Amino acid sequence: MAIKSAYLKDVYADVAKIDGEQYEFLQAVREVLESVEPVLERRPELKKQGIIPRMLEPERIIAFRVPWVDDSGQVRVNRGYRVQFSSAIGPYKGGLRFHPSVNLSIVKFLGFEQIFKNSLTGLPLGGGKGGANFNPKGKSDEEVMRFCQSFMTELQHHIGPDTDVPAGDIGVGSREVGFMFGQYKRLHNEFTGVITGKGTSFGGSLARTEATGYGVCYFTDEMLQAGGKSFQGQSVVISGSGNVAIYANQKATELGGTVIAMSDSNGYIYDPNGIDYKIIQEIKEGKRARISTYLDYVPSAKYVEGCSGIWTVPCGVALPCATQNELDLESAKTLVKQGCFAVAEGANMPCTQEAMEYFVQQKVFFAPAKAANAGGVATSGLEMTQDSIRMPWSFEEVDSKLHEIMQNIYHNSANAAAEYGVEGNLVVGANIAGFLKVADAMLWQGVCG
Ligand code: NDP
Ligand code: 2IT
């Protein structure tokens, strides 16, 4: 695909001129512009009101210094970010990523995609994202706490339960969220739902930990059922072994699949008998160890160095759940050649543009990230509701709401694709369905942002 209209080519060129180095952001922008082209043909008022160029410019970008002291007494410094992209339909909402690769391009691509993902959930959530180029790996709990406290000491000026509500992402789990919540509470002297993914004893929602992984499988199940297929009897390959991957494993297994491979940034494990998610949970959440230690639990399994090799493992269903651009065209071709008929993106933008286009061309059931991994933020939205009404819901209640939201996202995306003449193309369908609600909200609110 390519951008066709002269108008959108100009809009893209303007962004590329000022943000030319932001490759990931430009990649995410290109995909959305290609998808919404037919909407602009039907709705010329969107052009007159500058809706697209306004959407491409974050409402606010905050970058800040994060000084902290390591265990040896040495003062260290990292760069923190929060990109408040769109508040058209609700307070800014989106996770925080702590990883050495974090830069403005990555935070902007994530924040931009979050606008449409959050719109798809049907909940009143705007789009934002943040993080820091801090590496929690190998740091002591005390170092992580000091970093989180310093990060929040600046971030607290810019967020609030009705303004901007962060959450976790890569490198930010319940430990980091707890430290950041504690610091916010101390600085503001108020107990509010300012961040989601909290411990369940202090305002966190049951099922938030599981939500993204479960949601990916609920969406995939709905998509497969519509095509007369299911997880039943399928071998499943899941990249990553973090929050999303672990619970995608649990749900895919419950739905009848066998998860035969998982990975981390060093390599992947292969176990044809099925990987028990509880072992990965113990390795990754309990011990913060490498996935290679799976062999201590299951000596008959295989470990292979290098994470991209995971896409050479033959499977029916592939769930990339690690990071952006982890699955390229060559891997996509190998997967399809070996019988893979369904791909659902648990991570954000894990497939390169070429890989994604190849899957769509080959009529693989393809679930794009904005739709497939929206269960995490949707459940964050449910956490915000529980915090506001000061009433926790049971695991079953949250899980059933999550399931219904994922089914709705599938049907709204599939319907939008059909309405715009590209039946079955959920990439275009999800982008259009997410976009329309935000665009309409911006029209109603006038030129205010
Ligand atoms: P975690 O930090 O819990 O786990 C990340 C996993 O991905 C780890 O196994 C990690 O390996 C691997 N990984 C990270 N970076 C790379 C890299 N550059 N190359 C190879 N492997 C890598 O993060 P999450 O599970 O929360 O997030 C995974 C993906 O899902 C991300 O794209 C995130 O944006 C997305 N997502 C997360 C949601 C959530 O609720 N948590 C919601 C929606 C999307 P290692 O341990 O070796 O670093
Ligand atoms: O990418 C994502 O949707 C997330 N990391 C979750 C965001 C959230 O606010 O729960």
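The values are calculated or read from the model by the stated rules, or taken from the named source; none is laboratory data. Just so it is clear, the model here is predicted, and its values are computed rather than measured. Neighbour counts run over all protein chains shown; Cβ positions are idealised from the backbone, glycine included. Ligands, DNA and RNA are excluded from the accessible area calculation, which covers all protein heavy atoms including side chains. Shrake-Rupley method; radii C 1.70, N 1.55, O 1.52, S 1.80 Å.
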Next on the checklist: Given the criteria within 16 Å of ligand 2 (Cβ to nearest atom), in contact with a Lys or Arg (Cβ under 9 Å, 6 or more places away or on another chain), open to solvent by less than 10 Å² (accessible area, probe 1.4 Å) and part of a loop (DSSP other than H, G, I, E, B), does V194 qualify?
Outcome noted: yes
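Please go through segment 94-111 and give me each residue that is touching a residue at least 40 places away in the same chain (Cβ under 8 Å) and either among the aliphatic types (A, V, I, L, M) or within 13 Å of ligand 1 (Cβ to nearest atom) (or both), ordered by number. Can you show your working first?
We begin by selecting, within segment 94-111, every residue touching a residue at least 40 places away in the same chain (Cβ under 8 Å); these are 94-99, 104-106, 108-111.
Within segment 94-111, G94, G95, L96, R97, F98, H99, L104, I106, F109, L110, G111 qualify.
Could you please find all residues in segment 303-324 being among the polar types (S, T, N, Q) and open to solvent by 60 Å² or more (accessible area, probe 1.4 Å)? Let's see the steps before the verdict.
If we filter segment 303-324 for residues that are among the polar types (S, T, N, Q), which is where we start, we get 308, 312, 323-324.
Correct list: S308, T312.
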Item to check | Enumeration of residues in segment 255-272 that are in contact with a helix residue (DSSP H, G or I) (Cβ under 8 Å, 6 or more places away or on another chain) and either open to solvent by 30 Å² or more (accessible area, probe 1.4 Å) or assigned to a strand (DSSP E or B) (or both) | outcome: L255, V259, A261, M262, S263, N266, G267, Y268, I269
Next on the checklist: Give all pairs with beta carbons closer than 8 Å in which a residue from segment 52-63 that is aliphatic (A, V, I, L, M) meets a residue that is open to solvent by 70 Å² or more (accessible area, probe 1.4 Å); count only pairs at least 6 apart in sequence or on separate chains.
Outcome noted: A63/R79
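More than 16 Å from ligand 2 (Cβ to nearest atom) and either open to solvent by 10 Å² or more (accessible area, probe 1.4 Å) or not in a strand (DSSP E or B) (or both): which single residue out of F112, F134 fits that description? Even if it seems obvious, please write down each step before you answer.
Details: F112 fails: more than 16 Å from ligand 2 (Cβ to nearest atom).
F134 is the lone residue from the list that is more than 16 Å from ligand 2 (Cβ to nearest atom) and either open to solvent by 10 Å² or more (accessible area, probe 1.4 Å) or not in a strand (DSSP E or B) (or both).
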Next on the checklist: Take the conditions in a loop (DSSP other than H, G, I, E, B) and either among the hydrophobic types (A, V, I, L, M, F, W, C) or within 16 Å of ligand 2 (Cβ to nearest atom) (or both) and apply them to L187. Does it pass?
Outcome noted: no
Checklist entry - Any residue in segment 354-377 that is among the β-branched types (V, I, T), within 21 Å of R30 (Cα to Cα) and modelled with pLDDT of 95 or more? => result yes
Checklist outcome for this item: Note on L125: of the conditions (1) crowded, with 18+ Cβ neighbours inside 10 Å; (2) assigned to a helix (DSSP H, G or I), unmet is (2)
Checklist entry - If you go through segment 155-184 one residue at a time, how many are away from ligand 1 (no atom under 16 Å from the Cβ) and either part of a strand (DSSP E or B) or among the small types (G, A, S) (or both)? => result 3
Item to check | Residue, farthest from T352 (Cα to Cα), within segment 17-38, restricted to residues that are open to solvent by less than 20 Å² (accessible area, probe 1.4 Å) and among the aliphatic types (A, V, I, L, M) | outcome: V36
Item to check | Any hit, segment 351-369, residues being part of a helix (DSSP H, G or I), open to solvent by less than 10 Å² (accessible area, probe 1.4 Å) and within 16 Å of ligand 2 (Cβ to nearest atom) | outcome: yes
Next on the checklist: Being within 22 Å of the chain's Cα centre (by Cα) and either buried (at least 17 other Cβ atoms within 10 Å of the Cβ) or under 14 Å from G80 (Cα atoms) (or both) is the filter here; which residues of segment 137-151 pass it?
Outcome noted: C148, F151
Next on the checklist: Go through segment 137-149 and report how many residues are more than 27 Å from S105 (Cβ to Cβ) and assigned to a loop (DSSP other than H, G, I, E, B).
Outcome noted: 1
Next on the checklist: Every residue in segment 115-136 that is within 30 Å of Q407 (Cα to Cα) and more than 14 Å from the chain's Cα centre (by Cα), please.
Outcome noted: G122, L123, P124, L125, G126
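Among the candidates I170, I159, single out the residue that is open to solvent by less than 40 Å² (accessible area, probe 1.4 Å) and either in contact with a helix residue (DSSP H, G or I) (Cβ under 6 Å, 6 or more places away or on another chain) or in contact (Cβ under 8 Å) with a residue 40 or more places away in the chain (or both). Outline the logic, then answer.
Values: I170 fails: open to solvent by less than 40 Å² (accessible area, probe 1.4 Å).
The match here is I159.
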Checklist entry - Only one of (1) over 28 Å from E326 (Cα atoms); (2) among the charged types (D, E, K, R); (3) open to solvent by less than 30 Å² (accessible area, probe 1.4 Å) is not met by R97, so which one is it? => result (1)
Item to check | Hits in segment 59-114 (condition: touching a His at 6+ places or on another chain (Cβ under 8 Å) and among the aliphatic types (A, V, I, L, M)) | outcome: I62
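Out of I283, I275, report the one residue that is in contact with a helix residue (DSSP H, G or I) (Cβ under 8 Å, 6 or more places away or on another chain), of a type in the set (V, I, T), free of Cβ contacts under 8 Å to residues at least 40 places away in the same chain and open to solvent by less than 30 Å² (accessible area, probe 1.4 Å). Let's see the steps before the verdict.
Numbers: I283 fails: free of Cβ contacts under 8 Å to residues at least 40 places away in the same chain.
The conditions single out I275.
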Checklist entry - Looking at segment 226-244, is at least one residue away from ligand 1 (no atom under 16 Å from the Cβ), open to solvent by less than 60 Å² (accessible area, probe 1.4 Å) and part of a helix (DSSP H, G or I)? => result no
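Is at least one residue of segment 377-400 aromatic (F, W, Y) and buried (at least 19 other Cβ atoms within 10 Å of the Cβ)?
So far as segment 377-400 goes, no, none of its residues is aromatic (F, W, Y) and buried (at least 19 other Cβ atoms within 10 Å of the Cβ).
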